[in-house]
1. More than 15 angstrom separation, counting every C-alpha pair in segment B:13-66; what % is that?
2. Among B:133-139, A:48-54, how do they line up from the highest to the lowest mean number of other beta-carbon atoms within 10 Å?
3. Before we go on, tell me the buried accessible area for the B/A pair, both chains summed, 1.4 Å probe, in Å² to the nearest 100.
4. Which of B:Ala238, B:Leu45, B:Phe6 sits farthest toward the positive end of the charge dipole of chain B, with +1 on the Cβ of Lys and Arg and -1 on the Cβ of Asp and Glu?
5. Give the Rg/Rh ratio for segment A:65-118, taking Rg as the radius of gyration of the Cα atoms and Rh as the Kirkwood radius, to two decimals.
6. For segment B:178-251, evaluate the Debye formula with one uniform point scatterer on each Cα (no solvent term) and list log10 I(q)/I(0) at q = 0.18 Å⁻¹, rounded to two decimals.
7. Tell me, what does the Kirkwood hydrodynamic radius of segment B:39-180 come to in angstroms if you use every pair of distinct C-alpha atoms?
8. For B:Ile89, list long-range residues whose amide hydrogen, built 1.01 Å from N in the peptide plane, is under 5 Å from its own amide hydrogen.
Amino acid sequence: MHISEGVVAAPVLAAGAAAAVAGCAVGLRKMDYQNTPKVAVLSSAFFVASLVHIPIGPTSAHLVLNGLIGILLGWISFPAVLVGLLLQAILFQFGGITTLGVNTVVMAVPAIVCYLLYSRIIRSRYDAGAAIGGFLAGATGILLAGALVALFLLFSGEQFINVARLFLLAHFPVMVIEGIVTAFIILFLRKIKPELLGGDIR
Amino acid sequence: MIEEHFSTGDSVIHRIDPRVRIICAIVYSAVIAVIGNLSIAFIGLGAAIVFVALARLDALHLLRRLLVVNVFVLMLWLVLPFSFSGDTILSLGPLNMTQQGVLYTLMLTVKCNAIILINVGLLSTCGMFNVVHALNHLRVPNKLIHLLFFIYRFSHVMQYEYARLTDTLKIRGFRPKTSMHAYRTYGSIIGTLMIRAYERSEQIHRAMVCRGFKGKYWLLDHFALRRSDVLAAGIMAAGAVIIIILQWKTG
């Protein structure tokens, strides 16, 4: 889920970069040297998990997990996502420097929305509630990210309207898979290590 | 999964100070991103190809990387050529492929690949540790540098942990399929990865406290800006200025 280099118009790139800088400033303020290792090692785990391909019918899709990132890291999602994307740009040539801002917004804003909407229900007493919260967090993360990509494309010019539609459509199956896997991860963490979901890091 | 093929080498590019390379990569990426004209986009691509050629990278590997990265561009080709009004060159039922649409999509393709090649030639050749070190010199916030350094360092550890987990799956005869069981298994695997990461980070934190970590890394080697670095910076800056002037003149 990246906006490629050289596609989006310059004002959109600039606005994305400004928003990413602001979000990172908030996130970095919430992170002190005490919890830096926790944030960092968990982010590395997310980085590796995002390389995992999950089968859907005849094809496969890779996980994004930005909903889960939001639940675990809260506002610190912003710098964590920024660094993850920078690593992808340098190591795998996915995305690049000029789109770093917009892509950070695309991933991190849904993460924070999920954090604000679902972190309470995920900690509820009932497993069913937590599972639903987990599914919604996973699905919302993808849906919002796809919607943001579509929106950024539309801001760049009307000619992108069909591309934006196609992009959004392509993400519906991924949305469902991501929701299911996120729900299972949440249930697993509740059983084995509930303090991870308790806001210990953010 | 995580490999750095382009970071090792002994080419002209690899010898340039990483700080210079990073700044030039940012400048060139930004300049190419705002190009609005096909022929100038090709000039940008030419500049990018020069950098990559000078870096003498493994061509086959580079092509394979480009192919993967161009998936988004492929999606643009499926839709964008049909999204413009103008001179029709091909009709498929209700869809009209127009010359304007094709030229526009071609421009985006050229720009996208030009920026990717700039990144490969100037950034990926640095190696992550040099990038972190250089960003430290370029006044990037200290906490962000910490995060970058840590995430890079431990992504390898986590990759190893993940490989161990999938090995245990293989031993138990797990086959990835489209089923709830498979999704639950992936959920548990990733959950385990998170927990291992968390517990590992506690050990790391204790180790750092033991060694009196106070938020500063002590560096043993430092970059030195040599005359050849200044020369390279000058040549690359001149190239960027030429592209800017051409773009400005054609409007």
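The values are calculated or read from the model by the stated rules, or taken from the named source; none is laboratory data. Quantities reported herein were computed from a predicted structural model and do not represent experimental measurements. Because the Cβ atoms are built from the backbone with ideal geometry, glycine has one as well, and the counts that use them run over all protein chains shown. These area figures cover heavy atoms from the full protein model, side chains too; ligands, DNA and RNA do not enter into them. Shrake-Rupley method; radii C 1.70, N 1.55, O 1.52, S 1.80 Å.
1. Here the long-distance tail beyond 15 Å is 58 percent of all Cα pairs in segment B:13-66.
2. Peptide ranking by packing, descending: A:48-54, B:133-139.
3. Accessible area lost upon association: around 6500 Å².
4. Among B:Ala238, B:Leu45, B:Phe6, the one farthest towards the positive end of the dipole of chain B is B:Phe6.
5. 1.01
6. -0.86
7. About 19.3 Å for segment B:39-180.
8. Distant-sequence amide H within range of B:Ile89: B:Met97, B:Thr98, B:Gln99.
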